[in-house]
Amino acid sequence: MRNASPAMLAVICGRKCYDDSIPYWDENGPTGSLKLPLFVVTHRPLLASHSTGIYHAVGTILDAVKQAKSAARGKDVSLMGGADIFRQALAGGLVDEIELHIVPVLFGAGTRLFDTLPEQIKLDPTSMLETPLARHIAYRVVN
């Protein structure tokens, strides 16, 4: 996932990520004052209070990527989560780059990010940043 920046103009997430994050977001969405469009992969309506033009419900990951790319007008699209949506995008060949933020905590439950993949996916490391709280690693997906 990329941090929100001028190079990024759209964001995608799954319904669980949306539902879990609602208490922390307002009408501007996860990017705050940047007000980047958020495409939520879901088959259920979004909250009525989120009819500000920032939040968009879409039925599939493929539709989300198509609409987000159109909204981004050639700039980056970020897939912020969750794990199921990420795996769908990766399996569909829709991911160009992966950024992992590894923190020194192991969870005993939750959805595994790399649980099952249809085939081996090769990655080319592009950057790494070590901080006191996390290791940030970026990879380009090799096709």
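What figure, in Å² to the nearest 10, do you get for the accessible area of F86 with a 1.4 Å probe and non-protein molecules left out?
Accessible area of F86: about 30 Å².
In terms of solvent-accessible area of protein heavy atoms at a 1.4 angstrom probe, what is the ranking of R73, R87, highest value first?
Of R73, R87, the descending order of accessible area is R73, R87.
Going by Cα centres, the range 82-143 and the range 11-43 are how many Å apart?
One Cα centre to the other: 20 Å.
If I fit a long axis through the Cα atoms of helix 61-72 and take the longest principal axis of the Cα atoms of the chain, what angle between them do I get, 0 to 90°, rounded to 10?
Helix 61-72 and the main axis of the chain meet at about 70 degrees.
Label-point separation (nm) for F114 and L47, each offset 7 Å from Cα along Cα-to-Cβ?
The modelled label-to-label distance comes out at 3.4 nm.
Below 8 Å between Cα atoms, with a sequence gap of 6+, how large is the relative contact order for the chain in percent? Please report the intermediate quantities before stating the final value.
On the way: 234 pairs, mean separation 32.8, N = 143.
Relative contact order comes out at 23 percent.
In the full protein assembly as shown, how much of L36 is accessible to a 1.4 Å probe, in Å² to the nearest 10?
About 10 Å², rounded to the nearest 10.
Just add up the charged neighbours of W25: K/R +1, D/E -1, any other residue whose Cβ is under 12 Å from the Cβ of W25.
-3
If DNA, RNA and ligands are ignored and the probe is 1.4 Å, what is the ranking of T126, T131, T42 by accessible area, most exposed first?
Putting T126, T131, T42 in descending order of accessible area: T126, T131, T42.
Quick check: at a probe of 1.4 Å, how many percent of the accessible area of the range 14-74 sits on carbon and sulfur atoms?
That fraction is 54 percent.
Consider a paramagnetic label point 7 Å from the Cα of S70 along Cα→Cβ; state which residues of the range 17-32 have an amide N under 19 Å from it.
none
What accessible area per residue comes out for the chain, rounded to a whole number of Å², with a 1.4 Å probe?
Values: 9020 Å² over 143 residues.
Here the residues of the chain average 63 Å² of exposed surface.
From largest accessible area down, sort H136, H101; use a 1.4 Å probe on the protein chains.
H101, H136
Per residue of the chain, what 222 nm ellipticity follows from adding -39500 (n - 2.57) for every DSSP H run with n ≥ 4, rounded to the nearest 500?
For the chain, the value works out to -5500 deg cm²/dmol.
How much length is gained if the chain between S33 and T126 is pulled fully straight, taking 0.36 nm per residue apart and subtracting their Cα-Cα distance, in nm to one decimal? Mind dumping the intermediate values first?
On the way: separation 93, 0.36 × 93 = 33.48 nm, distance 2.92 nm.
Full extension from S33 to T126 adds 30.6 nm.
The values are calculated or read from the model by the stated rules, or taken from the named source; none is laboratory data. This is a predicted model, so every value here is computed, not measured. Methodologically, a virtual Cβ is constructed for each residue, glycine included, from the backbone with ideal geometry; neighbour enumeration extends over all protein chains shown. Calculation scope for accessible area: heavy atoms of the full protein, side chains included, ligands and nucleic acids excluded. Shrake-Rupley method; radii C 1.70, N 1.55, O 1.52, S 1.80 Å.
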